[in-house]
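What follows is a single structure, written as structure tokens, with notes after it.
The values are calculated or read from the model by the stated rules, or taken from the named source; none is laboratory data. This structure is a prediction, so every number in the text was calculated from the model and none was measured. As a convention, Cβ positions derive from the backbone with ideal geometry for all residues, glycine included, and neighbour counts pool all protein chains shown. What goes into the accessible areas is simple: the full protein's heavy atoms, side chains included, and nothing from ligands, DNA or RNA. Shrake-Rupley method; radii C 1.70, N 1.55, O 1.52, S 1.80 Å.
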Amino acid sequence: MSFVLVFVDVQHNFLEGKWAVPDAETLRAELSALLDRARAVGVPVVHVLNDGPEGEIDEPFSEGWLPTFPARPDEPVFRKTEPDAFTSPGLAEALAVTGARTLILAGFQSEFCISATGRRALAEGYEVILAAGAHGTYPGETGTAADRAAAVERELESDGIEVSPARDLDFR
């Protein structure tokens, strides 16, 4: 099975400072370990960054917008303004070039960009694995951040997306 690791919105604003998600340090460690394992065995990695409006925490090229884990020269970076990462010009073509049929999703926010990207990837014919423990969000009226992330996992799993703990993913 061939994989592509898709890092969605793994940017400073989610993991650092006053706007960091709860459990940011745990999420950072999971994301870092997942990225290291993928890179160690040559799995393609794609980074997608969210471009927020002027004056927002994720305004392009602001501190909050910067990627937490900079891309290597062979790792393409795409930018988006919509939750669905497939709206990023060139992303679909870059994924197709890899020949991979399975996308592993990690990043932020679970109920927005991760959910929309996962569902779109399924519609595009990919098998999708959501890396549990390597995606996150904020608390809301409906529960804690962890509760909301778990709810997204259940919803996506019922839609046909596999959910696997990030630390259990083996890229070989």
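State the extension gain, in nm to one decimal, for the chain segment bounded by S2 and V41, taking 0.36 nm per residue of separation less the distance between their alpha-carbons. Mind showing how you got there, number by number?
On the way: separation 39, 0.36 × 39 = 14.04 nm, distance 1.14 nm.
My answer for the length gained is 12.9 nm.
Provide the solvent-accessible area of R120, counting protein heavy atoms only and rolling a 1.4 Å probe, rounded to the nearest 10 Å².
Counting only protein heavy atoms, the figure is 80 Å².
Points 7 angstrom from Cα along the Cβ direction at E157 and A33: gap in nanometres?
1.9 nm
Given a 1.4 Å probe, how much area per residue of the chain is accessible, in Å²? Intermediate values should be presented prior to the final figure.
Values: 8170 Å² over 172 residues.
Using a 1.4 Å probe on heavy atoms only, each residue of the chain averages 47 Å².
For the chain, which whole-number percentage of the solvent-accessible area (1.4 Å probe, protein heavy atoms only) is attributable to carbon and sulfur atoms?
On the way: 4310 of 8170 Å².
Here it works out to 53 percent.
Using Cα springs under 10 Å in a Gaussian network model of the chain, which residue among R148, R39, R72 shows the largest mean-square fluctuation?
Taking springs between Cα atoms under 10 Å, the residue moving most is R72.
Based on C-alpha coordinates, I'd like the Rg and Dmax of the chain, in Å.
Spelled out, the Cα radius of gyration and Dmax of the chain are 14.6, 43 Å.
DSSP beta bridges in the chain, what fraction antiparallel, as a percent rounded to 5? Spell out each step's value before the answer.
Numbers: 2 of 26 bridges.
If we restrict to bridges inside the chain, about 10 percent are antiparallel.
Could you size up the charge dipole of the chain around its Cα centre, putting +1 on the beta carbon of Lys and Arg and -1 on that of Asp and Glu, and report it in debye to the nearest 20? Provide the component values of the computation, followed by the final result.
Details: 14 positive and 29 negative charges, 106 e Å.
Here the size comes out at about 520 debye.
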